[in-house]
Amino acid sequence: MDQTELCFTPATELAGKVRARELSPVEVVEAYLARIERINPVVNAYCTVTADLARAEARRIEAAILRGEAVGPLAGVPVSIKDLLITKGIRTTRGSSLFADVVPTEDAPVVERLRAAGAISLGKTNTPEFGWKGVTDNRLFGPTRNPWQRDRTSGGSSGGAGAAVAAGLGPLAIGTDGGGSIRIPASFCGIFGLKPTFGLVPAYPPSWAEALAHTGPMTRTVRDAALLLNAIVGLDRRDRNSYPVGPVDFLDGIGAGVRRSRVAWSPDLGYATVDPAVASACAQAALRFEGLAGAVELASPGFPDVGRAWEALFYAGIGAAVDALPAGWDSKVDPGLVGLVRRSRSGTAFDLARAYQERAQVYDVTRRFFERYDLLLTPSIAVPAFEVGVDSPREIAGRPAEGLSWSPFTLPFNLTGQPAATVPCGWTADGLPIGLQIVGRRFEDALVLRAAAAFEDACPWAGRRPDLL
């Protein structure tokens, strides 16, 4: 197989060919490492490449297959790990010079499970410092660039993961999402991303934004995400928020469609300003869902002030953790993060309590809404990818952009803990991807995946590739 084609082959197909001895794990890994060597300097998706470890693991898995031994469902399939997640024997910098030389002595639960499933890690992907913002750059490794246009951001905080998948530098990636950090880069980079139900995928050590943080798959196809999700879900006692999951196969029935599902479409959640190109593409995608589900109704949950509660919880968690670092940290980290910590210090216990109360209100409003509907469609992000090197766009639809107004659709569902996915649904006139968000009830990740797969079957996107050579 041509090496470029191999690097854009779905993980479901790679896994089958490896088990059938039609592809060698060594051949697969060498193809990806060669592409990373050529392309990563252009996009800066990987901050650490573990070439020798990947080759050794590929040889081990190949030998096991040749001996006729049972191998895991991801045997021989490459994966990347966001650099916020700890990896035994491999440095985990969290995007900060303060952690530049930290080498953990244990794996995060998701990394353990990927190894057990036979996946081969190619390395760690870039993230903003401590994952604090929605674009990916840091003083240690620099910015990650969007594979579709290198002068645009890949998004964040899983921007390295999104760029790696879009650029053909790995079929599977693990991201984390505390306020959109899977869905923002997946939307900006034109791939699929899923923020699973809170606690479905265990996390350890706890995120500094623990009550909001999810871990999940970023892939080119929906079925690849289902395959990856199968390997990483379920109870881990190190994570008090994780829960037992019985025998589950998210690939089983993924093609069954959503014909009888009650679907709502909200172009703005009642308050968001949206770029015209994004609004048009997502409205057309919602119309396509009428053919998939039978009917789509215009409806919004009617949220209270979502941003205030999210900011209080997320920024207080990050700010307190950074402020506890050894003296002198403020001269060594992102200046924006220094400002965040200073603002967080002014918060009170009452502010935090109010945020938790407002979070409960958001959940209650959402729960009632999802008694009427099975799925909610919204734009994923209010804008296409903006310029690299800035933390937010200057304006949206001709209006000044304030704070997180460019990502108004992701925050609510970190507060509620529901599964939320983004699928590519269109392109701007200059070739930037646009994403549609699909949200389901808590614990109904399988339905979200079915809806995403139905849309992908109707409007496939994985064949479109960025020009990187």
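Where a number appears in this text, it was derived from the coordinates with a stated rule and is not lab data. As the structure is a prediction and not an experimental result, all values here were calculated from the model. As a convention, Cβ positions derive from the backbone with ideal geometry for all residues, glycine included, and neighbour counts pool all protein chains shown.
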ask   = Got a sec? Charge dipole of the range 3-232, +1 on Cβ for Lys and Arg, -1 for Asp and Glu; which of A166, L74, P217 is way out at the positive end?
value = A166
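Can you compute the charge dipole magnitude of the range 263-447 about its Cα centre, using +1 on each Lys and Arg Cβ and -1 on each Asp and Glu Cβ, nothing else charged? Give it in debye, rounded to the nearest 20. Write down the numbers at each step before the final one.
Working: 15 positive and 21 negative charges, 77 e Å.
Value, rounded to 20: 380 debye.
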task = Using only the alpha carbons, work out the radius of gyration and Dmax of the chain in angstrom.
result = 20.6, 64
task = Round to a whole angstrom and tell me the spacing of the C-alpha centers of the range 1-68 and the range 394-439.
result = 32
query = Along the charge dipole of the chain, Cβ charges K/R +1 and D/E -1, which of L337, V29, T366 sits furthest on the positive end?
reply = T366
query = For the chain, what relative contact order do you get, as a whole percent, if you take Cα pairs closer than 8 Å and at least 6 residues apart?
reply = 16
note = At 4 °C and 1.567 mPa s, the Stokes-Einstein diffusion coefficient in µm²/s for the range 263-447, with hydrodynamic radius from the Kirkwood sum on alpha carbon pairs, is 72
task = Rounded to the nearest 500, what is the 222 nm mean residue ellipticity of the chain from helices alone, with -39500 (n - 2.57) per DSSP H run of 4+ residues and division by all residues?
result = -11500 deg cm²/dmol
remark   = Once A360 and D101 are pulled to full extension, the length gained, defined as 0.36 nm per residue separation minus their Cα-Cα distance, is 89.2 nm
inquiry  = Please give me, ordered by residue number, the trypsin sites (Lys or Arg not before Pro) of the range 363-398 that lie in loop per DSSP and have at most 11 other Cβ atoms within 10 Å.
reply    = R394
Under the span-like rule (Cα at least 15 Å along the axis, Kyte-Doolittle mean at least -1.0), DSSP H helices of the chain = 25-43, 51-66, 222-232, 276-293, 306-323, 335-345, 349-372, 445-458
query = So, in Å, what gap is there between the alpha-carbon centers of the range 231-293 and the range 196-217?
reply = 18
note = Here the gain from full extension of A116 to Q284, 0.36 nm per residue of separation minus their alpha-carbon distance, amounts to 56.3 nm
key: R38-A70 pseudo-label distance in nm [points 7 Å out on the Cα-to-Cβ vector]   = 3.9
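So, by mean Cβ neighbours within 10 angstrom, what's the order for 36-43, 116-123 with the highest one leading?
Taking the mean over residues of other Cβ atoms within 10 Å, the ranking is 116-123, 36-43.
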query = Sorted by average packing, counted as other Cβ atoms within 10 angstrom per residue and highest first, what order do 244-255, 375-386 take?
reply = 375-386, 244-255
ask   = In debye, nearest 20: dipole of the chain around its Cα centre with unit charges on the Cβ of K, R (+) and D, E (-)?
value = 400
task = Highest first, please rank the peptides 83-89, 170-176, 457-463, 8-14 by the mean number of other Cβ atoms sitting within 10 Å of their residues.
result = 170-176, 83-89, 8-14, 457-463
message = Taking R0 as 45 Å, what FRET efficiency do you get between T348 and V390 from their Cβ-Cβ distance, rounded to the nearest 0.05?
response = 0.90
ask   = Under unit Cβ charges (Lys, Arg +1; Asp, Glu -1), what dipole magnitude, rounded to 20 debye, does the range 358-449 have relative to its Cα centre?
value = 280
key: Stokes-Einstein D in µm²/s, Kirkwood radius over Cα pairs - the range 3-232 at 25 °C with 0.890 mPa s viscosity   = 145
request  = Only loop residues by DSSP count here, and only those with at most 13 other Cβ atoms within 10 Å; note down the GluC sites (Glu not before Pro) in the range 365-469 that meet that.
outcome  = E402
Taking N as its residue count, the alpha carbon Rg of the range 117-228 over 2.2 N^0.38 Å = 0.97
ask   = Local charge sum around I39 (other residues, Cβ-Cβ under 12 Å, Lys/Arg +1, Asp/Glu -1)?
value = +3
